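For reference, the structure discussed in these notes is given below.
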Amino acid sequence: MQIGRVAGTVVSTAKEATLEGRKFLVVRILDLDAKDTGAYVVAVDAVGAGVGEVVLVASGSSARMTEATKDRPSDAVIMAIVDSWDVEGQTKWRKHDG
Amino acid sequence: MQIGRVAGTVVSTAKEATLEGRKFLVVRILDLDAKDTGAYVVAVDAVGAGVGEVVLVASGSSARMTEATKDRPSDAVIMAIVDSWDVEGQTKWRKHDG
Amino acid sequence: MQIGRVAGTVVSTAKEATLEGRKFLVVRILDLDAKDTGAYVVAVDAVGAGVGEVVLVASGSSARMTEATKDRPSDAVIMAIVDSWDVEGQTKWRKHDG
Amino acid sequence: MQIGRVAGTVVSTAKEATLEGRKFLVVRILDLDAKDTGAYVVAVDAVGAGVGEVVLVASGSSARMTEATKDRPSDAVIMAIVDSWDVEGQTKWRKHDG
Amino acid sequence: MQIGRVAGTVVSTAKEATLEGRKFLVVRILDLDAKDTGAYVVAVDAVGAGVGEVVLVASGSSARMTEATKDRPSDAVIMAIVDSWDVEGQTKWRKHDG
């Protein structure tokens, strides 16, 4: 998985029928110090993530292993909202510290 | 998914039989400001996208989860036409603003 | 899919039994102006492509969705021979113009 | 697979239900001399790996082929703890030499 | 597939049970002139490849389509030993010339 920050939304009316009602979020990929890497991915939301939240994104076929994405043409899914992470004994990011 | 702009078409007469009738579109990958990144992908169209339109492309096995691509040797599919997207509270692109 | 030019062949006697009789082709990946990008992939041929021809290559699990590659350990397949492509209204490459 | 060093943990309360109880580890990807490459991945632990240990990470659909990850939205798994590796006749890294 | 040279071995005692007896080889990825690219992958051996041999590596779900890797958490497999390859009419590498 990659760590990302939800930065926005993509609106699409004309889409594959099975994606009806799915929410496409723009996720900026973060490095381990919680800084933007410049990369992004558009992911389907499976956990009710909101703009500004830090999340985990799973890609590839694993992106279809949620209720929201099963058998659908989605190659990226937000499957967890991150509370915090630590690296080498240091807390690098914590919710509400953002 | 990646955001892209449909830039052209690829014509192929000799192809795997199951791809008969499928439309191969050249998609330029865009960044979040709607500028070309220089990368491209050839994707099968599942939603009737035309040249010039901004779309979402799904890759890998998820590219086979549409009516148009099911069980076919296609690793990229256009599964949505984009109306607009916003990032950090700003609308970055909107259809007809192009 | 990626656009590539068939540049050569790989010969292998000792291989997984299910790959017996399969043809491994060296494919140079092209940009949209039909120039080499420097990247390459070794792909199984599913459509009778010859050296010098321009082709489409599908990767990942989709590379197994042809008669030639079904259930085999191949992660890239040539599934179409390209006649031509155009981008932004210009024909960028046409067979026999090569 | 890639060789990595377990550098930390990601804490997530709100996640896809099937991931309940799974441990998300931050893994720094190493080169063949056991130095950090700067890349990282968040992987589910399938073998009881601890912070500081050197491991193998499998990605993509193969990341779901463990007891811990079966049918779950995880695209990276720690499936082995590394004792040592050698390249061109030299031991490049050995457990407890770290 | 990618062309690589088997450069060494990874030893792991603690691993997912289904990987018992599998051999993890370090493979350096080569360019079309048979020079190291600097990239590497750890792959399971399916064809009895030895250190120093030049091989093909398949990645992703296709890496599970061999007897040695079926249903196992391995995302890279050596599925062929290379005898030779030629590009643009020139033999770029041949076994025993290495």
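The values are calculated or read from the model by the stated rules, or taken from the named source; none is laboratory data. This one's a predicted model, so the numbers in the text were calculated from it and none came from an experiment. Virtual Cβ from ideal backbone geometry, glycine too; neighbours counted across all protein chains shown. Quick note on the areas: whole protein, heavy atoms, side chains included, nothing else; ligands and nucleic acids left out. Shrake-Rupley method; radii C 1.70, N 1.55, O 1.52, S 1.80 Å.
Observations on the model:
- The A-D contact accounts for approximately 2200 Å² of buried accessible area, totalled over both chains at a 1.4 Å probe radius.
- Label geometry 7 Å along the beta-carbon vector: E:Gly89 inter-copy distances in nm: 4.0, 4.0, 6.4, 6.4
- Using θ = phi - 60° in the Karplus curve 6.51 cos²θ - 1.76 cosθ + 1.60, the 3J(HN,Hα) couplings for segment E:44-59 round to 7, 8, 10, 10, x, 6, x, 4, x, 6, 9, 9, 9, 10, 9, 10 Hz; x is entered for Gly and Pro.
- Rounded, prolate or oblate (a/c below 1.5 giving rounded, otherwise prolate when a/b exceeds b/c) for the protein assembly as shown by Cα gyration tensor: oblate
- Restricting attention to segment C:45-93, close to 90% of DSSP beta bridges with both partner residues there are antiparallel.
- Position D:Glu20, label points 7 Å along Cα→Cβ, spacing to each other copy in nm (shortest first, one decimal): 3.1, 3.1, 5.0, 5.0
- Cβ-based charge dipole, the protein assembly as shown, positive-most Cα from A:Ile29, B:Ser84, E:Gly21: E:Gly21
- Amide proton proximity set for D:Tyr40, modelled H, under 5 Å, gap of 5+: D:Ile29
- Placing R0 at 56 angstrom, the Cβ-Cβ distance between B:Arg94 and E:Thr9 gives a FRET efficiency of 0.50 after rounding to 0.05.
- Heavy-atom accessible surface of the protein assembly as shown: percent carbon and sulfur, 1.4 Å: 46 percent
- Solvent-accessible area of C:Arg5 with every protein chain in place, 1.4 Å probe, in Å² to the nearest 10: 60 Å²
- Largest to smallest accessible area among B:Asp75, E:Asp36 [probe 1.4 Å]: E:Asp36, B:Asp75
- Between copies, C:Asp36 shows label-point distances of 2.3, 2.3, 3.7, 3.7 nm, shortest first, with the point placed 7 angstrom from Cα along Cα to C-beta.
- Ordered by solvent-accessible area of protein heavy atoms (1.4 Å probe), largest first, the residues E:Thr18, D:Thr91 come out as D:Thr91, E:Thr18.
- Taking the Cα centre of chain E as origin and assigning +1 to Lys and Arg Cβ atoms and -1 to Asp and Glu Cβ atoms, the resulting dipole is close to 220 debye.
- Accessible-area value, D:Val10, 1.4 Å probe, nucleic acids and ligands omitted, Å²: 10 Å²
- With all protein chains modelled, accessible area of E:Tyr40 [1.4 Å, Å²]: 50 Å²
- Pairs of Cα atoms nearer than 8 Å and 6+ residues apart set the relative contact order; for segment C:2-94 it is 27 percent.
- The protein assembly as shown, dipole about Cα centre (Lys/Arg Cβ +1, Asp/Glu Cβ -1), debye to the nearest 20: 380 debye
- Amide H contacts of E:Ala46 (H built 1.01 Å from N, under 5 Å, at least 5 apart or other chain): E:Ile78
- Structure note, pairs A:Lys70/D:Lys15; C:Lys15/C:Lys95; B:Lys70/E:Lys15; B:Lys23/B:Lys95; B:Lys35/C:Lys95; D:Lys95/E:Lys23: Cα-Cα distances above 26 angstrom occur for C:Lys15/C:Lys95; B:Lys70/E:Lys15; B:Lys35/C:Lys95.
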